[in-house]
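Report on the structure given below.
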Amino acid sequence: MRTGMAAILLAGLLASSSACIDLDGLAGDGGKKPRLTMFIGVDVSGSFMKGGHYEDSLEFLANYVYAHLKGLGGLEPPRNLFLGTLGGSRKDEARTLFPIQTFEGKTVPEIRAKLAEILPKTENPYTDFNAFFEQVATTVRNKNLVLRPLSIVLLSDGEPDFPDRPGKEKSHSVRDLEIDALESLSRNITVRLLYTTPSTGAAWQNQLRRQRVKIWTQDAVVMTQWKDPKIFEPGKPLEEQTAFFGWIRDNVDFGVRVKRVN
């Protein structure tokens, strides 16, 4: 009798535990589902589009997105991915965020063609990072993605260009960047600024006020080395570009420590 009751209780506990399993936990095949949420912002302001690195950044991005989606070379595949633009024609302008389905199932050339299709053909006068950060925060909350690891990748020279605001003059200062909206979204959140300059990168590292958000910057002169034949071998399938994946881990997806700046 006692054995029968114990079996019933055990079955009930197992059923209860199964019902409480987080959808982000085990996948049907027994493996863990991806948890990473990735946002990618592409600078379409005149300064970056004319700076000489815009086309290179899109070529890199097509390979980067494909490699992450496939989890190639140990790169972490995202559970969610959103891609939008940095820059606008007016203050606080919200832009379309294209979801992961826009790029899934596509080859690298197809992703590159999609980027050319969805990104604006005309240059925008402003690089309003704050508007993009606010849009990221709103999307994370609306889609219930809070507390998941969050990577925000920005392809930009990093030079802010805020429109005139009430009581403030037009600003180009990194000190006027506001990432407070990001601080409560996750315990693990990293902003990666790619294709910047040494001085601007240093400003992002040392002047951008933050408590929890981690900042990583990479200079354009380093980023353009991804096409070096020793890193990205011509004619070799992307799936076999082991040196390229190692270069990404060391120079782009680098693990960053928290640094509080007030």
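Annotations for the structure displayed:
- Taken together, T107, T37, T85, T96 contain a single residue that is modelled with pLDDT of 95 or more, among the hydroxyl-bearing types (S, T, Y) and in contact with a strand residue (DSSP E or B) (Cβ under 9 Å, 6 or more places away or on another chain), which is T37.
- Criterion: modelled with pLDDT under 90 and out of contact with any Ser or Thr (no Cβ under 6 Å at 6 or more places or on another chain) - qualifying residue of T139, T200, T122: T122
- For V191, the requirement of being without any contact (Cβ under 8 Å) to a residue 40 or more places away in the chain, part of a helix (DSSP H, G or I) and in the same structural domain as E59 (by TED's automatic domain parsing) is not met.
- Selection over segment 139-158 of residues that are among the hydroxyl-bearing types (S, T, Y) and either free of Cβ contacts under 8 Å to residues at least 12 places away in the same chain or under 21 Å from F254 (Cα atoms) (or both) gives a count of 2.
- Answer residue from segment 149-160, given it is out of contact with any Gly (no Cβ under 8 Å at 6 or more places or on another chain) and not small (G, A, S) and is modelled with the lowest pLDDT among those: P160
- Residue ID - surrounded by the most Cβ atoms within 10 Å (Cβ to Cβ), chosen from residues in segment 136-157 that are under 13 Å from the mean Cα position of the chain (by Cα) and more than 15 Å from I189 (Cβ to Cβ): S156
- One residue stands out in segment 209-262 among those that are of a type in the set (A, V, I, L, M) and modelled with pLDDT under 95: the one that is farthest from Y64 (Cα to Cα), namely V261.
- Within segment 209-254, the only residue that satisfies the criterion of being surrounded by fewer than 16 Cβ atoms within 10 Å (Cβ to Cβ), among the hydrophobic types (A, V, I, L, M, F, W, C) and part of a loop (DSSP other than H, G, I, E, B) is F254.
- Number of the exception - V146 against (1) outside any helix (DSSP H, G or I); (2) modelled with pLDDT of 95 or more; (3) not hydroxyl-bearing (S, T, Y): (2)
- Unmet requirement for W204, which otherwise passes all of (1) outside any helix (DSSP H, G or I); (2) over 20 Å from H68 (Cβ atoms); (3) of a type outside the set (S, T, Y): (1)
- So R257, is it buried (at least 19 other Cβ atoms within 10 Å of the Cβ), among the charged types (D, E, K, R) and outside any helix (DSSP H, G or I): no
The values are calculated or read from the model by the stated rules, or taken from the named source; none is laboratory data. Just so you know, these numbers come straight off a predicted model, no measurement behind them. All Cβ positions, even for glycine, are placed from backbone atoms using ideal geometry, and neighbour counts span all protein chains on display.
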